[in-house]
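Quick notes on the structure that follows.
What follows draws every value from the coordinates through simple rules; no lab data is involved. This structure is a prediction, so every number in the text was calculated from the model and none was measured. Because the Cβ atoms are built from the backbone with ideal geometry, glycine has one as well, and the counts that use them run over all protein chains shown.
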């Protein structure tokens, strides 16, 4: 897989589109956020100022260092949990987009003993095992927000080599090799959680995807037409142009 050259302008546009898609698909509400690694500086990332995802525009996109420091003079108020993004980019050079969501469908799987498993082929990006991060383990009683570098790095450590990490009583963080890849994972994760919950309510057990099935699907090229057509579909549903 070779990464095509993407301009800064296109990357900014992609972040705007991703925000609008995730808001329209119900993955993000007034809160939650999506970023992309800077196309020219691997030690930076692009993320909106603190604004509801459905309202994000190109002028809202800011540049950050991996420690969460915003660049530029007199920057607007950033998201408190921007440390999630920088810590993941710092730990995982292969990751180029990060999404944090509070989707309600996923929340029950952050609280009980029933594991979130992939049962839909389109949700195979989540992997066979989805780790669960509990901020209380290493930081005691907090407001559950990832509000500093140490907490971000602890979350990234729990993520490990996985694509998704659950956050106890909070939501989830998903990642991708591209922003389209990350959006796809974030859109289908709550849908998979809903289908799994309904299956469990029916009784009789669950038959998740096998390790072999997941391994086959992991090899799907994120730049392939079958992945890009989803981006175009979701963008048009959200009322934005998928590309500049």
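Find how much the distance from residue 139 to residue 49 grows on full extension, using 0.36 nm per residue of separation minus their present alpha carbon separation; answer in nm with one decimal.
Numbers: separation 90, 0.36 × 90 = 32.40 nm, distance 2.64 nm.
Answer, rounded to one decimal: 29.8 nm.
Among 182, 161, 58, which one shows the highest mean-square fluctuation when the chain is modelled as a Gaussian network with alpha-carbon springs under 10 Å?
Comparing 182, 161, 58 in the GNM, the peak value goes to 161.
Over the chain, what relative contact order in percent results from Cα pairs under 8 Å that are six or more residues apart? Working shown, then result.
On the way: 454 pairs, mean separation 54.9, N = 244.
23 percent.
Just to be sure I understand the model, the point goes 7 Å from the Cα along the line to the Cβ. What's the resulting residue 121 to residue 6 distance in nm?
For residue 121 paired with residue 6, the spin-label model returns 2.6 nm.
Cut-off 11 Å, label point 7 angstrom out along Cα-to-Cβ of residue 132: give me the residues of the range 166-195 whose amide nitrogen falls inside.
Label zone hits: 166-169.
Test of understanding: in a Gaussian network model of the chain with alpha carbons linked when under 10 Å, which of 136, 217, 194 would top the mean-square fluctuation ranking?
Checking each option, the largest mean-square fluctuation is seen for 136.
Taking the beta-carbon count within 10 Å as an exposure proxy, list 100, 38, 74, 85 from fewest neighbours to most. Provide the component values of the computation, followed by the final result.
Working: 100 25, 38 19, 74 5, 85 31.
If I rank by nearby Cβ atoms, fewest first, I get 74, 38, 100, 85.
Gaussian network model of the chain, Cα springs within a sub-10 Å range: biggest mean-square fluctuation belongs to which of 68, 205, 127?
Its mean-square fluctuation being the largest, the pick is 205.
Between the range 165-244 and the range 63-102, what is the separation of their alpha carbon centroids in Å?
Here the answer is 22 Å between Cα centres.
What shape does the chain take by its C-alpha gyration tensor, where a ≥ b ≥ c are the square roots of the eigenvalues and a/c under 1.5 counts as rounded, a/b above b/c as prolate, and the rest as oblate? Don't jump to the answer; show the numbers that get you there.
Numbers: a/c = 1.62, a/b = 1.23, b/c = 1.32.
Note, shape of the chain comes out oblate.
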